[in-house]
Amino acid sequence: MNFIPVNEPLLNGNEKKYLCECIDTGWISSEGPFVGRFEEKVAAMVGRKYGIAVSNGTAALEIAVKALKIGEGDEVIMPTFTIISCAMAVTKAGAVPVLVDSNKYTWNMDVDGIEAKITPRTKAIMVVHLYGLPVEMDKVLELAEKYDLKVIEDAAEMHGQTYKGKPCGSFGDISIFSFYPNKHITTGEGGMVVTDSENLAERCCALRNLCFRRDVRYIHDEISGNYRFTNLQAAVGLAQLERMEEFVEKKREMGKFYTESLSNIEGISLPIVRTEYADNIYWVYGIVLKEERAVTNREVVKRLAVEGIGARTFFWCMHEQPVYGKQGIFRGQKYERAEYLARKGLYIPSGLALTRTQMEIVVEKVRKVLQGTV
């Protein structure tokens, strides 16, 4: 039995050609010419003035927080239902994540819960677009203007997605992307910070590279890290960007096939096809088990693995993370909708290299497993 992984990237464009160019010219480090070209193209894709490529999406978040000078005692409002990188970027800066519950239908943060969390210590709102649909940005931006707050936009999963026709990654003070292999555009590992602010861009560049002083090398006034991005990664990224529209179309076709094939299975909820502000881009194809199913998402993932199908559970809530429990952060907090998604949500194979035949097998096996766990 051939195992179908939850994700496999599509690398049959100009990736090999550009990588060979890096090797032939000897430009394999962060100094290579592909880096600047990749930064320019990503920034242009989302209508930003500046792009700063970094080692991964987590680094991009940490740099974004530091660039905005968020620090000790500051509060950042963010969803509880997300990857830990978001909260970690805040806590590593000495700031405090203030959590918001999820929207039941889009799985994103419930923007109607943000204003009640704003205090005199609130410095920023961190928006995280999840799984395929963007956050309702108009309300976020209105609150940011009303209370003079910064907006950090995590668009790691939103390559090619728009909100009311405007690219995700173009909102707020600073935005980030990830180029991990499960993203629409991959560089293996990698990330990027994008912004319209020259000052923020300069600060991000410094934070990416050990905070060398501009006037004298090897002199440092601030502690940062080495978050550089290599010419090899940028070469792969440029080849991937050449096919962005193709990739987005394929993801939407995949989402349509899965929705049509799985919609008659009882006891599950499928992703919303569209909202009034965006069509789903299906970064991954998620399934949420309804309450009448006693089985958890972890049990379904295990049963699918036995059938040769890779699947993963949804994110685990920040307020339930053991590492933060040990630190006494979020003590006593409950977020019902997010907790439900964390226990009942999973996603099935939806990588760009997935074939129609493989999708048909996935549907067959998902149907078998779910019909046996009512």
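The values are calculated or read from the model by the stated rules, or taken from the named source; none is laboratory data. These numbers were taken from a predicted model, which means no experiment stands behind them. For neighbour counting, all protein chains shown are included, and Cβ atoms are generated from backbone atoms with ideal geometry for every residue, glycine included. Ligands, DNA and RNA are excluded from the accessible area calculation, which covers all protein heavy atoms including side chains. Shrake-Rupley method; radii C 1.70, N 1.55, O 1.52, S 1.80 Å.
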Notebook entry, point to check: Which residues, taken from the stretch 78-95, are in contact (Cβ under 8 Å) with a residue 60 or more places away in the chain, aliphatic (A, V, I, L, M) and open to solvent by 10 Å² or more (accessible area, probe 1.4 Å)?
Noted result: Ile83, Ile84
Notebook entry, point to check: Within the stretch 321-336, which residues are closer than 25 Å to Trp283 by Cα and surrounded by 17 or more Cβ atoms within 10 Å (Cβ to Cβ)?
Noted result: Gln321, Tyr335
Next item on the list: May I ask you to verify whether Arg203 is in a loop (DSSP other than H, G, I, E, B), more than 30 Å from Pro349 (Cα to Cα) and at pLDDT 95 or above?
Entry: no
Check: Hey, among the residues in the stretch 242-265 that are surrounded by 16 or more Cβ atoms within 10 Å (Cβ to Cβ) and of a type in the set (Gly, Ala, Ser), which one's nearest to Ile361 (Cα to Cα)?
Finding: Ser261
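Looking at Glu153, Glu115, Glu142, Glu136 in this structure, which one is farther than 16 Å from Glu39 by Cα and either at pLDDT below 95 or in contact with a Cys (Cβ under 8 Å, 6 or more places away or on another chain) (or both)? Outline the logic, then answer.
Details: Glu115 fails: either at pLDDT below 95 or in contact with a Cys (Cβ under 8 Å, 6 or more places away or on another chain) (or both); Glu142 fails: either at pLDDT below 95 or in contact with a Cys (Cβ under 8 Å, 6 or more places away or on another chain) (or both); Glu136 fails: either at pLDDT below 95 or in contact with a Cys (Cβ under 8 Å, 6 or more places away or on another chain) (or both).
Among Glu153, Glu115, Glu142, Glu136, only Glu153 is farther than 16 Å from Glu39 by Cα and either at pLDDT below 95 or in contact with a Cys (Cβ under 8 Å, 6 or more places away or on another chain) (or both).
Take Tyr218 and tell me if it is open to solvent by 60 Å² or more (accessible area, probe 1.4 Å) and of a type in the set (Ser, Thr, Tyr).
Details: open to solvent by 60 Å² or more (accessible area, probe 1.4 Å): yes; of a type in the set (Ser, Thr, Tyr): yes.
The answer is yes for Tyr218.
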Next item on the list: State which residue is most open to solvent (accessible area, probe 1.4 Å) when the search covers only the stretch 163-180 and only residues that are of a type outside the set (A, V, I, L, M, F, W, C) and within 12 Å of the chain's Cα centre (by Cα).
Entry: Tyr180
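Scan the stretch 182-191 residue by residue and report those that are of a type outside the set (A, V, I, L, M, F, W, C), in a loop (DSSP other than H, G, I, E, B) and either surrounded by 24 or more Cβ atoms within 10 Å (Cβ to Cβ) or within 12 Å of the chain's Cα centre (by Cα) (or both). Let's see the steps before the verdict.
Of the residues in the stretch 182-191, the ones of a type outside the set (A, V, I, L, M, F, W, C) are 182-184, 186-191.
With the extra rule that they be in a loop (DSSP other than H, G, I, E, B), the set shrinks to 182-184, 186-190.
Correct list: Asn182, Lys183, His184, Thr186, Thr187, Gly190.
Kindly establish whether Asn264 is more than 30 Å from Cys205 (Cα to Cα) and among the polar types (S, T, N, Q).
Working: more than 30 Å from Cys205 (Cα to Cα): yes; among the polar types (S, T, N, Q): yes.
Criteria met by Asn264.
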Check: Is there a residue being open to solvent by 20 Å² or more (accessible area, probe 1.4 Å) and more than 25 Å from Pro181 (Cβ to Cβ) anywhere in the stretch 51-65?
Finding: no
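Looking at the stretch 17-34, can you tell me whether even one residue there is under 21 Å from the mean Cα position of the chain (by Cα) and among the basic types (Lys, Arg)? Walk me through it before giving the result.
Here is the first cut: in the stretch 17-34, the ones under 21 Å from the mean Cα position of the chain (by Cα) are none.
Scanning the stretch 17-34, I find no residue that is under 21 Å from the mean Cα position of the chain (by Cα) and among the basic types (Lys, Arg), so the answer is no.
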Check: Leu370 versus (1) at pLDDT below 95; (2) outside any loop (DSSP other than H, G, I, E, B); (3) under 30 Å from Ala95 (Cβ atoms): which is the lone unmet condition?
Finding: (3)
Item checked: Of residues in the stretch 137-162 being in contact with a Leu (Cβ under 9 Å, 6 or more places away or on another chain) and assigned to a strand (DSSP E or B), the one surrounded by the fewest Cβ atoms within 10 Å (Cβ to Cβ) -> Val151
Margin query: If I filter the stretch 300-310 for residues that are assigned to a loop (DSSP other than H, G, I, E, B), farther than 18 Å from Met109 by Cβ, out of contact with any strand residue (DSSP E or B) (no Cβ under 6 Å at 6 or more places or on another chain) and open to solvent by 20 Å² or more (accessible area, probe 1.4 Å), do I get at least one hit?
Written below: yes
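Output the residue which, of all residues in the stretch 313-345 that are of a type in the set (D, E, K, R) and part of a helix (DSSP H, G or I), is farthest from Val300 (Cα to Cα). Reasoning before the result, please.
Quick first cut of the stretch 313-345, residues of a type in the set (D, E, K, R) only: 320, 326, 331, 334, 336-337, 339, 343-344.
Still in the running and part of a helix (DSSP H, G or I): 320, 326, 336-337, 339, 343-344.
Numbers: Glu320: 21, Lys326: 29, Glu336: 21, Arg337: 20, Glu339: 17, Arg343: 11, Lys344: 9 Å.
If we take residues in the stretch 313-345 being of a type in the set (D, E, K, R) and part of a helix (DSSP H, G or I), then Lys326 is farthest from Val300 (Cα to Cα).
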Margin query: open to solvent by less than 80 Å² (accessible area, probe 1.4 Å) and in contact with a Phe, Trp or Tyr (Cβ under 6 Å, 6 or more places away or on another chain): which single residue out of Leu232, Leu207, Leu238 fits that description?
Written below: Leu238
